[in-house]
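This report concerns only the one structure given below.
The values are calculated or read from the model by the stated rules, or taken from the named source; none is laboratory data. Just so it is clear, the structure is predicted and the values come from calculations on it, not from any experiment. Cβ placement follows ideal geometry from the backbone for every residue including glycine, while neighbour counts extend to all protein chains displayed.
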Amino acid sequence: MRQRAAGLSCGVKVELDGHRLYAITAHGTKNKLFSAVDKGSLEKCTEFELPVESDLQGVQQDPDYVYVSARDGKVFLIHKGTLDVVRVLQQGESGIWYMHVDQRCLYTASVDQLIRAYDKGSWDEPRVFRGHQANIQALAGDEDYLYSVATDKVAMVWDKATGDLIWEYRKLYRKGMMGLACTGTHLLITNGHGGLTMVAKGQWCAPPLRRPDIRGTRVVVDETHAFFAAGNDIWVLNLDDLGARRS
């Protein structure tokens with residue numbers, strides 16, 4: 001049965017946790033709205049306009065906060081308990097296109113080709129990861145590593161603790177939007193035109209496995225499956241079938 005969350009604007013990006021769905025209005029909309037919706041009743045807990053003139057770009061969440069990025073370099077921290085904006089990070093004028101969050105840090109990727117890591121204990125001046133020579137198109141991460149891919153089709157692996165670049169791969173498919181996800185054993189790099197590249201984690205110099213039959217501009221994974229978004233379709237594949245078991 002399909003149900004509609006009451007009163008959400010047309011065109012949204014969403015994140016969810018065990019209790020709520022968090023949504024922001026998509027590109028080109030006049031009002032820059034943040035909404036929180038109860039997953040059980042689908043009733044809105046709150047909705048308010050964020051104080052920003054540029055488009056909202058991304059939304060992420062952890063146990064304490066929802067993070068909303070904008071194309072003018074702002075990140076809004078919304079506390080899950082009060083559903084209020086409690087902090088605004090500003091990193092110049094470069095739009096923040098992608099974010100990744102773990103227990104220790106919030107990572108942002110912007111059009112200035114830099115990755116910034118904000119310590120969640122202090123929110124002081126971020127550490128900066130330098131290496132990309134084009135706009136960063138996707139971020140992903142696990143406990144030890146941060147993964148990024150840029151519009152010049154170069155993928156990079158970073159040590160989260162030091163910010164050091166430990167591996168880069170320059171032989172990706174040359175056309176189309178890129179997406180990233182990681183399982184317990186592999187890094188998955190997708191492409192809307194060229195297919196899937198699978199890199200065994202920790203075996204960075206080994207030849208990657210390529211699957212040109214599996215295409216998608218975005219990929220997310222859970223414990224057993226990978227979900228590839230391709231146009232209006234979503235393809236669901238078992239990780240065991242891919243040889244990329246999530247441990």
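Scan the stretch 130-144 and give yes if some residue there is free of Cβ contacts under 8 Å to residues at least 24 places away in the same chain, farther than 27 Å from H193 by Cβ and among the basic types (K, R), otherwise no. Yes, the stretch 130-144 contains at least one residue that is free of Cβ contacts under 8 Å to residues at least 24 places away in the same chain, farther than 27 Å from H193 by Cβ and among the basic types (K, R). In this structure, is D152 at pLDDT below 85, surrounded by fewer than 17 Cβ atoms within 10 Å (Cβ to Cβ) and in a helix (DSSP H, G or I)? Against the criterion (at pLDDT below 85, surrounded by fewer than 17 Cβ atoms within 10 Å (Cβ to Cβ) and in a helix (DSSP H, G or I)), D152 does not qualify.
When the stretch 49-81 is filtered for residues that are exposed (fewer than 15 other Cβ atoms within 10 Å of the Cβ) and under 16 Å from V12 (Cβ atoms), only E49 remains.
Quick one: would you say T162 is polar (S, T, N, Q) and free of Cβ contacts under 8 Å to residues at least 12 places away in the same chain? Yes; evaluated as a whole, the condition is true for this residue. Given the criteria at pLDDT 95 or above and either among the β-branched types (V, I, T) or closer than 14 Å to Y22 by Cα (or both), does V59 qualify? In short, no.
Take the stretch 17-47 and flag every residue that is over 19 Å from G95 (Cβ atoms), free of Cβ contacts under 8 Å to residues at least 24 places away in the same chain and out of contact with any Asp or Glu (no Cβ under 9 Å at 6 or more places or on another chain). Answer for the stretch 17-47, where residues must be over 19 Å from G95 (Cβ atoms), free of Cβ contacts under 8 Å to residues at least 24 places away in the same chain and out of contact with any Asp or Glu (no Cβ under 9 Å at 6 or more places or on another chain): G18, D38, G40, S41.
Out of A109, A134, one residue alone is under 21 Å from R71 (Cβ atoms), modelled with pLDDT under 90 and of a type in the set (A, V, I, L, M). It is A134. The set of residues from the stretch 166-178 being closer than 14 Å to V149 by Cβ and modelled with pLDDT of 85 or more comprises W167, E168, Y169.
Residues in the stretch 82-96 that are part of a loop (DSSP other than H, G, I, E, B), out of contact with any Gly (no Cβ under 6 Å at 6 or more places or on another chain) and surrounded by fewer than 14 Cβ atoms within 10 Å (Cβ to Cβ): T82, D84.
If you go through the stretch 101-140 and keep only what is of a type in the set (S, T, N, Q), within 24 Å of T151 (Cα to Cα) and either touching a helix residue (DSSP H, G or I) at 6+ places or on another chain (Cβ under 6 Å) or assigned to a loop (DSSP other than H, G, I, E, B) (or both), you end up with Q113, Q133, N135. Selection over the stretch 121-149 of residues that are over 13 Å from the mean Cα position of the chain (by Cα), of a type outside the set (F, W, Y) and more than 17 Å from D62 (Cβ to Cβ) gives a count of 11.
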